[in-house]
1. Give me the net charge for the shell around N153: Cβ to Cβ below 12 angstrom, other residues only, Lys and Arg +1, Asp and Glu -1.
2. Please give the Cα centre distance for the range 23-68 versus the range 152-166, rounded to the nearest Å.
3. K24 to H75: extension gain in nm, 0.36 nm per residue of separation minus the Cα-Cα distance?
4. Whose amide H sits under 5 Å from the amide H of T47, counting only residues 5 or more places off or on another chain, with H placed in the peptide plane?
5. If we count other beta carbons within 10 Å of each Cβ, what is the order of R81, R5, R34, fewest first?
6. Of all alpha-carbon pairs in the range 142-192, indicate the percentage at a distance above 14 angstrom.
7. Given +1 on the Cβ of Lys and Arg, -1 on the Cβ of Asp and Glu, and no further charges, what dipole in debye does the range 142-192 carry about its Cα centre, rounded to the nearest 20?
8. For I37, enumerate residues with amide H under 5 Å from its amide H, sequence gap 5+ or separate chain, H modeled in the peptide plane.
Amino acid sequence: MLRIRLSRVGRKNQTFFKIVVMPKSGPPKGGDFRDEIGTHDPVNKETVIDSEKARGWLAKGAQPSDTVYNLFVKHGVIAGRKREVHDKDPVEPKEEKPKKDKKEDTEKVKEEEKKEDTEEVKEEDPEGEQAPVGAGEEKKGLEDLDLTTRIINALEDEGIDTVEKLKSKSEKDLSEIKGLGKKSIEKIQKEIK
């Protein structure tokens, strides 16, 4: 199938096109074309079309590209309405979210945390009395101790993430943990006493 299309021949920042008839599978620049039927200079806004050749190729079944079709309509080679031509796919505008003040957000989070800390979820006791959930079951995390981050990371790598678990380990168990030396073990023992 033959196509009437633009073939770029201009230099960088000086675009210039030939209007050529070529096979549809031809390359976008250059390549073998059957006939040149005009030129298009978008910089100087000049277009020259040989109407006789253009109508002859259209009669033989050559299909113009959308841009060439619009040029033909504009210069009276064929009658009709112009086609919509877009360089890029239309992009839907993004919905803008109202900007929030970071200070307000952090204050809200802090207030919510305070509410959660002060509220106690209560659970029914077998005798019908109300008792706070977790009463007497406080589990202290390693962060509650005065230990370095390196020591805490070494302990957590071994699955020791609470003070309770740490207290259940002997000095020998602690010495086998990678990353803990004598001074680290002494610091741990001092903190859990």
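1. Details: positive: R150, K178; negative: E143, E156, D157, E158, D161.
Residues near N153 contribute -3 overall.
2. 76
3. Values: separation 51, 0.36 × 51 = 18.36 nm, distance 2.36 nm.
Here the segment from K24 to H75 would lengthen by 16.0 nm.
4. D41
5. Working: R81 8, R5 22, R34 15.
Ordered by Cβ neighbours within 10 Å, fewest first: R81, R34, R5.
6. Details: 507 of 1275 pairs.
Tail of the P(r) past 14 Å holds 40 percent of the pairs.
7. Details: 10 positive and 13 negative charges, 63 e Å.
That gives a dipole near 300 debye.
8. Those qualifying (amide H under 5 Å, at least 5 residues apart or on another chain) are I19, V20, V21.
No lab work stands behind these numbers, since they all come straight from the coordinates. All figures in this text were calculated on a predicted structure; none of them were measured in a lab. Cβ sites come from the backbone with ideal geometry, for glycine too, and all protein chains shown count toward neighbours.
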